[in-house]
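J.: Before I ask anything, here is the structure I am working with.
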Amino acid sequence: MTVAAVAARAGVSEPTVYLRYPTKRDLALAAVVHIPVLTDPPDTGDAFDDLAALLRSLVAATEAAGGLPLHAAVLAEQNGHPELVEQWRATVGTALRSVVKRIVDRGQRREQLKPGLSADLVADLVLGAHLARYTYQGRPARGWPRQVINVLRPALEL
């Protein structure tokens, strides 16, 4: 992300961007809250299908973004600009965990998932699989989201 690129995309001059955001850090912090995230979890009637659909949507969003460059850029700033990472976690991270929590809660009400299951742990497993796949191997094959959920199923199923 460069100020020049942001200015060009917004159809304004660089000085105009700097009037509103005096530093690149200020611009980045403001940008994080506008990142589109999935807010409505899929509801197929089956918690495992919902988790697979969520993972498929994450893969599709990652592909549409050309990979994980924004994730990497934010994490690379952890030491120099921890407030950027905290903003990321407070917006993107919280939204994604909330979606998984809603799927887990619904799955428990439907008696598909174990009671007392930690939604945060399920989020770590599902979202972690997504990040790990792109980090170590790149784009997953078409059936990969279902394979991940099938591996997790015995640990989650009632």
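J.: Using modelled backbone amide H atoms (1.01 Å from N, in-plane), which distant-in-sequence or interchain residues come within less than 5 Å of residue 113's amide H?
T.: When sequence neighbours closer than 5 places are left aside, the close amide H contacts are 108, 158.
J.: Let me ask you something else. GNM on the chain, C-alpha springs below 10 Å: top fluctuator among 78, 137, 147?
T.: With Cα springs under 10 Å in the chain, the top fluctuation among 78, 137, 147 is at 137.
J.: With equal scatterers on the alpha carbons only and no solvent term, can you work out the Debye log10 of I(q)/I(0) for region 23-100 at 0.12, 0.16, 0.20 1/Å?
T.: Once normalised to I(0) and log-transformed, intensities are -0.39, -0.65, -0.92.
J.: Can you list the equivalent-ellipsoid semi-axes of the chain, largest first and in whole Å, using the square root of 5 times each Cα gyration tensor eigenvalue?
T.: That gives 34, 16, 14 Å for the three semi-axes.
FYI, it's all coordinate maths here, none of it is from the lab. Please read these numbers as outputs of a predicted model, since none were measured by experiment.
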